[in-house]
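Colleague: Just passing along the structure, written as structure tokens.
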Amino acid sequence: MRFVTVDDLERDAAQIVRRLEDGGPVVVVDEGRPAGLLLRLTDDELEEHLLARNESLQAELDRAFAECLEGVGRPAADVLRELSEGDG
């Protein structure tokens, strides 16, 4: 793990980001205190991060899960059939 100052980041951002692949996480320090953390992300990790923080999606998933527990819903085969017919 490396540490860089905000000034280092302003001056050498491109180089610091490129080195994430080799050197692991980078802690950004501002006036001697941690201010941020730079991590290399894969496409899948970014998608997971964004979806986990999407409150409306999470609310919809929670609602759907509650309906499943109550026995409300439709068979997946019916939904998949409707979707495939809509694409035709």
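Derivation of every value follows stated rules applied to the coordinates shown; laboratory data play no part. Note that the structure is predicted; figures quoted are calculated from it, not measured. All Cβ positions, glycine included, derive from the backbone under ideal geometry; neighbour counts span all protein chains shown.
Colleague: Among the residues of segment 20-42, which ones are touching a residue at least 12 places away in the same chain (Cβ under 8 Å) and of a type in the set (K, R)?
Modeller: R40
Colleague: Residues that are on the phi < 0 side of the Ramachandran plot and surrounded by 11 or more Cβ atoms within 10 Å (Cβ to Cβ): which helices (runs of 4 or more DSSP H) entirely in segment 1-86 hold 3 or more of them? So that I can check it myself, show each step before the final result.
Modeller: Numbers: elements: 6-18, 20-23, 43-52, 55-69.
Because the criterion is at least 3 residues that are on the phi < 0 side of the Ramachandran plot and surrounded by 11 or more Cβ atoms within 10 Å (Cβ to Cβ), the helices (runs of 4 or more DSSP H) in segment 1-86 that meet it are 6-18, 43-52, 55-69.
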